[in-house]
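Inspection log for the structure reproduced underneath, given as structure tokens.
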Amino acid sequence: MEKHKIRIEQHSGLGLVWFAGWLFTLGYLKLSFWKGVLALLVWPYYLGVALAL
């Protein structure tokens with residue numbers, strides 16, 4: 001039997017940056033709760049499109 005090494009990577013730093021950016025966007029735009037929930041779903045898409053250019 002071969003022994004395989006298991007490699008665990010944590011990417012929580014990037015998630016924290018994303019969350020901080022999302023909170024900043026909510027505060028900056030003064031969004032209501034439901035608009036904030038919608039922004040949670042839509043914001044990553046627009047950010048990805050902007051960064052892909």
Report summary line: Candidates for semi-axes √(5λ) of the Cα gyration tensor in Å are (1) 16, 15, 6; (2) 26, 14, 8; (3) 34, 14, 10, and the calculated one carries label (3)
Query raised in the report: Calculated from DSSP H runs of 4 or more alone, at -39500 (n - 2.57) each and per residue, what is the 222 nm mean residue ellipticity of the chain, nearest 500?
Result: -24500 deg cm²/dmol
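Bear in mind that the values in this text are calculations on the coordinates, not laboratory data. For clarity, every value in this text was computed on a predicted model and none was experimentally measured.
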